[in-house]
1. When the solvent-accessible surface of protein heavy atoms is calculated with a 1.4 angstrom probe, in what order do Ser84, Ser66 fall, highest first?
2. Any chance you could run the full-extension gain for Met53 through Met34? It's 0.36 nm times the residue separation minus the Cα-Cα distance, nm to one decimal.
3. Could you sort Phe21, Phe93, Phe2, Phe61 by their accessible area in this structure, using a 1.4 Å probe and putting the largest first?
4. Counting Lys +1, Arg +1, Asp -1, Glu -1, what net charge surrounds Ala71 among other residues with beta carbon under 10 Å of its beta carbon?
5. Grab the Cα-Cα distance for Arg102 and Ser84, subtract it from 0.36 nm times how many residues apart they are, and report the gain in nm with one decimal.
6. All other residues with a Cβ under 15 Å from the Cβ of Met55 taken together, and with Lys, Arg as +1 and Asp, Glu as -1, what is their net charge?
7. Treat each spin label as a single point 7 Å out from the Cα along the C-beta direction, and report the Asp72 to Arg26 distance in nm.
8. Go through the range 76-81 residue by residue and turn each phi into a ³J(HN,Hα) via Karplus (6.51, -1.76, 1.60, θ = phi - 60°); whole Hz please, and just put x for glycine and proline.
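The values are calculated or read from the model by the stated rules, or taken from the named source; none is laboratory data. Model, not experiment: these values are computed from the prediction. Every residue, glycine among them, receives a Cβ derived from its backbone with ideal geometry; neighbour counts consider all protein chains shown. These area figures cover heavy atoms from the full protein model, side chains too; ligands, DNA and RNA do not enter into them. Shrake-Rupley method; radii C 1.70, N 1.55, O 1.52, S 1.80 Å.
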Amino acid sequence: MFKVEAIVREEALEDVKQALFDIEVRGITVSQVMGCGTQMGYTHYVRGSVSTMTMLPKVKFEVVVSTEAWADKCIAAICTAARSGRVGDGKIFCYEVGRAVRIRTGEEGVDAIQPGPPETDEDE
Ligand SMILES: Nc1ncnc2c1ncn2[C@@H]1O[C@H](COP(=O)(O)OP(=O)(O)OP(=O)(O)O)[C@@H](O)[C@H]1O
Ligand SMILES: [Mg+2]
């Protein structure tokens, strides 16, 4: 299993969500986060020296998928949906995931992240 974590612009939220839905990713966590990249938000100069980093609001997607091929698909979809070409478009990190558990059933591993039988498809 692999986790794809993508930090994108707030305005990319809907496009990224749709892109993941379109490739049939089911199961997403989205958070509002603050952060900065290599430009450190903005560069402030105080008496001639760089003062501090500015954290800018961003949106973070977390998706756990079963295989590296699925992670590749997610990464490609997110890049296409979130790229404006300007600095600050965001960043994607991908990790191997050791364990997953579906709380309702106790299923573990890949079984825990696959859709269940039809009667369990109504997410709450
Ligand atoms: N190395 C990092 N570790 C953790 N989070 C990061 C890192 N780099 C970027 N981020 C997160 O991603 C957001 C967007 O980063 P950003 O797109 O500005 O990266 P960048 O490397 O500066 O690329 P660019 O030059 O295109 O701006 C940041 O606000 C921060 O939340
Ligand atoms: Mg940047």
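1. On the way: Ser84 60, Ser66 30 Å².
In descending accessible area the options line up as Ser84, Ser66.
2. Details: separation 19, 0.36 × 19 = 6.84 nm, distance 1.15 nm.
Length difference between fully extended and current span is 5.7 nm.
3. Working: Phe21 115, Phe93 85, Phe2 30, Phe61 0 Å².
Correct descending sequence by accessible area is Phe21, Phe93, Phe2, Phe61.
4. Details: positive: Lys3, Lys73; negative: Glu68, Asp72, Glu96.
Counting the neighbours of Ala71, the net charge comes to -1.
5. Values: separation 18, 0.36 × 18 = 6.48 nm, distance 3.62 nm.
Going from the current span to full extension adds 2.9 nm.
6. Here the charged neighbours net out to +3.
7. Computed distance between label sites Asp72 and Arg26 equals 2.4 nm.
8. 4, 5, 5, 4, 4, 6
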